[in-house]
Structure formats: C-alpha cells, structure tokens
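Nothing in this text is a laboratory measurement; each read-out follows from the coordinates by a stated rule. As the structure is a computational prediction, the values presented were derived from the model and not from experiment. When we count neighbours, we look across all protein chains shown, and the Cβ atoms used for this are built from the backbone with ideal geometry, even at glycine.
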C-alpha cells in the first residue's frame, strides 16, 4: 500500500540516494544544469556522491547536507521533507520550502519517485501532501518546476491542480 509521511532520521541514507538519483536524472535532461545553477534541488549539481569523487562532475551542494537540512528543518514552519512509501519501503521523496516576501509562497524544491515505483500514486500523494502542508502555513501560492521535455513531471503537476503560468526561455550569448 502507498503512503506518505514526514521523513525520519532513519530515512536519511535512502533520501540521499533518491536526491542523488534525481540530480543525475535532471542533469542529463535539457535545462538540468541551469536548474541546478538557479537553485533547483537546493543547488545540487550533477556528479553528486561517488561520481563527484571520481571527477564525473561537481555538486554545488552535497546531497547529504541538502537532505539533512530539509530533514532537520522538518520541525520548523519554513520547510519539510516527506517520503513516499510502498509497503513501508521508501521509494520517493518531496521537499518544500515556504518563501516569504510580498506574498507567502510555497516552493516544491524536489519531488522524485524511483522509476520502478512510478504510476501507482506515490508522486501524486507526495505533491498533494506538500500542497496541504503549504496551505496549513497560509501560503497564497505554490510553485513547482518541471524541466523541458519532462512530460511525466508536468502531467503529475497538472493532475494535482497545477497550471502553467510562465514559460522561461533561455539562451547563452555565444
């Protein structure tokens, strides 16, 4: 059975694995490196973990520190880390942060479900739980990013009520 719950300290190693997988998948996608540079996945770049040690890329933020920060902040009102499970096995995660300014906005920092566990409702459960968490914190809006061509993420977000409100186009000057 699928379930969503707050991440616990015992989930840290598995969450680091999942964030590393998510980062590597995003890095190989169009726009992934730019997303990491702009702060997606908390600024996590490709090559995190063992790959970075082997010189396969450089992480802007260590995935262990990133997940540890989300997990440690779980008792605050500004961020949370949730895990999605199937039969009590962690197969996905989602992190969210409340950003205050002119408006209080919830930002989905990361949402990832391992490929073998997709299509059974874990992702929608994670997104729905994050949106509810943002609502409890009186956020006026919730933002999430999807990379170009990542139809599954776009479809997941649309299925949970998100609508495209801005397309950001990019090019380098050279």
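Points worth noting:
- Extension reserve of the residue 171-residue 116 stretch, reckoned as 0.36 nm per residue once the Cα distance is removed: 16.4 nm
- Listing 70, 133 from fewest to most neighbouring C-beta atoms within 10 Å gives 133, 70.
- Cβ-Cβ FRET estimate between residue 29 and residue 5, R0 fixed at 25 Å, reported to 0.05: 0.30
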